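Working notes, structure below.
Nothing in this text is a laboratory measurement; each read-out follows from the coordinates by a stated rule. Since the model is a prediction, treat every value here as computed from it, not as a measurement. When we count neighbours, we look across all protein chains shown, and the Cβ atoms used for this are built from the backbone with ideal geometry, even at glycine.
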Amino acid sequence: MQFKNFKSVDKCTFGRGTFGKLDSILAEKRHENDQFMVFLVDNFFKGKELASKVPAKPEDMLIFVDVDDHEPTTEQVDELRDTILATKGIPAGVVGIGGGSVMDIAKCVALMVKNEGSSQLYQGLNLIKKEGVYHVGIPTLSGTGAEVSMTAVLTGPEKKLGLKCDWTVFNQIILDPELIADAPRNQWFYTGMDTFIHCIESMTGFLKNTFSEAYGYKSLDLCRDVFLNEGCGQTPINDEKLMVASYFGGLSLTYSEVGVCHALSYGMSYVFGTRHCFANCIIFDQLEEYYPEGVHEFREMVKKNNIFIPKNLSKDWTDAEIEKMIDVTLALHHMWNHALGSDWKNIITRQKIKELYLKM
Ligand SMILES: [Fe+2]
């Protein structure tokens, strides 16, 4: 029996125009702590219409977050936390508006304004000492499941690992399909594929169960509508479907686990800073051995949407880089255990992982 007792998002609103309700949603929380809100907004929206619609009051802090060419780091979170505390004190709440990286940063900052020391100290399960402040997630890209997950992944000097505990989960999420309508096409695809891969991995492994399959099947159906079936592409109805697919994909993996692709992807992101969803696509493309049907369908989606997935990257990788990637991926016991079973250490040797990486 697999025992999980997971915390859900407290409140969720879904639908076109729900972003316009943010001000009234925040109103009842504004009196807490030092009575100001922090809005962390993806740099991408600087000078764009969405930024002008953020309901920031004069006392609030609106900070544009740079996640352009790297994954969120412990250093970045520590700096944001220190700046906020030094400028205004402890916020009433933190609102993250952006893709998975910005949402993860918002989760971490909400925890770290109440927990001393570097966020590095808290990378792992249930290491956070005190409940953070109220926090809201508003995705502008769909697929990572960051809006629903109880982890906030950070890359630190030692490891890439999430701040994972019940308090990490958002108190409120706003799923407004209008916000993902203008996603750059490649990012829309790569991020959406993260959900597709979450479902394939959660439903193919030793921890799969009826709960994760129910959400997974529905999420996969929605992904097919968005990326493969007649009428696929970036359309208003597909934006709605992708938002729900991401949410359901997140729930699917919550009661199961991710697998081989995510384990290898963490290694690649750690060493090269490759963005999570992009790394997943590069890796999943080469995992026929583990997910034959999923990889076949993935390639159809790539072709249908005319998306470029890089190949032959490993020719430029040094032995030291590959060894480090292997170290990082082998530390992800829970993923290997799910994908290959309790005997995984005898199946997935350093040599085998190296062979997989050399296919990329
Ligand atoms: Fe993922």
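Can you work out the FRET efficiency for the pair Glu79 and Lys303, with r the C-beta to C-beta distance and R0 = 51 Å, to the nearest 0.05?
It comes to 0.75.
Which lysines, if any, have their Cα less than 19 Å from the Cα of Lys129, not counting same-chain residues under 8 positions apart?
Straight-line reach from Lys129, under 19 Å: Lys7, Lys107, Lys114, Lys164.
Counting other beta carbons within 10 Å of each residue's own, what order do Ile283, Ile307 fall into, fewest first? Show your work: numbers first, answer last.
Working: Ile283 24, Ile307 16.
Exposure proxy ranking, most exposed first: Ile307, Ile283.
Over the chain, calculate the relative contact order: mean separation of alpha carbon pairs under 8 Å at least 6 apart, over the residue count, as a percent.
After rounding, I find 16 percent.
Using mean Cβ contacts within 10 Å as the protection proxy, how do 159-168, 101-110, 81-90 order, highest first? Spell out each step's value before the answer.
On the way: 159-168: 21.0, 101-110: 29.0, 81-90: 14.7.
My ranking of the peptides, most packed first, is 101-110, 159-168, 81-90.
Suppose we keep just the DSSP beta bridges with both residues in the chain; what percent of those would be antiparallel, to 5?
Values: 5 of 30 bridges.
Here the share of antiparallel DSSP bridges comes out near 15 percent.
Mind giving me the nanometre distance, one decimal, between the label points for Glu131 and Glu289, set 7 Å out from Cα along Cα→Cβ?
4.7 nm
Tell me whether the range 198-294 comes out rounded, prolate or oblate; compute the Cα gyration tensor, take square roots of the eigenvalues as a ≥ b ≥ c, and use a/c under 1.5 as the rounded threshold.
oblate
Tell me, what is the percent relative contact order of the range 11-180, built from C-alpha pairs under 8 Å that lie six or more residues apart?
In percent, rounded to a whole number, it is 27.
Need the full-extension length gain, Ile347 to Lys7, defined as separation in residues times 0.36 nm minus the C-alpha distance. One decimal, nm.
119.1 nm
Please get the size of the charge dipole for the range 185-358, origin at its Cα centre, with Cβ charges of +1 on Lys and Arg and -1 on Asp and Glu, quoted in debye to the nearest 20.
Roughly 200 debye, rounded to the nearest 20.
Say a paramagnetic label sat at a point 7 Å from the Cα of Asp182, along Cα to Cβ; which residues of the range 46-65 have their backbone N under 19 Å from it?
46-56, 63-65
How do His198, His296, His334 line up, fewest other C-beta atoms within 10 Å first?
His296, His334, His198
Putting +1 on Lys and Arg Cβ atoms and -1 on Asp and Glu Cβ atoms, find which of Gln120, Gly15, Gly89 reaches farthest to the positive end of the dipole of the range 11-180.
Positive-most Cα among the choices belongs to Gly15.
Sort 41-51, 202-212 for me by packing, meaning the mean count of neighbouring Cβ atoms within 10 Å per residue, highest on top.
Highest mean packing first, the order is 202-212, 41-51.
Taking the Cα centre of the range 87-198 as origin and charging only Cβ (+1 Lys, Arg; -1 Asp, Glu), how large is the dipole, in debye to the nearest 20?
In total the dipole reaches around 380 debye.
Taking the Cα centre as origin and putting +1 on Lys and Arg beta-carbons and -1 on Asp and Glu beta-carbons, what dipole magnitude results for the range 1-157, to the nearest 20 debye?
Charge dipole, the range 1-157, about its Cα centre: 620 debye, nearest 20.
Indicate the gyration tensor shape class of the chain (rounded, prolate or oblate), computed on the Cα atoms with a ≥ b ≥ c the square roots of the eigenvalues: a/c under 1.5 is rounded; otherwise a/b larger than b/c is prolate and the rest oblate. Could the numbers behind the result be given before it?
Working: a/c = 1.68, a/b = 1.34, b/c = 1.25.
Taking the square roots of the gyration eigenvalues as a ≥ b ≥ c, the chain is prolate.
So for the chain, taking the charge dipole from beta-carbon charges (+1 Lys/Arg, -1 Asp/Glu), which of Gly100, Leu163, Gly273 sits furthest toward the positive end?
Highest projection toward the positive end goes to Leu163.
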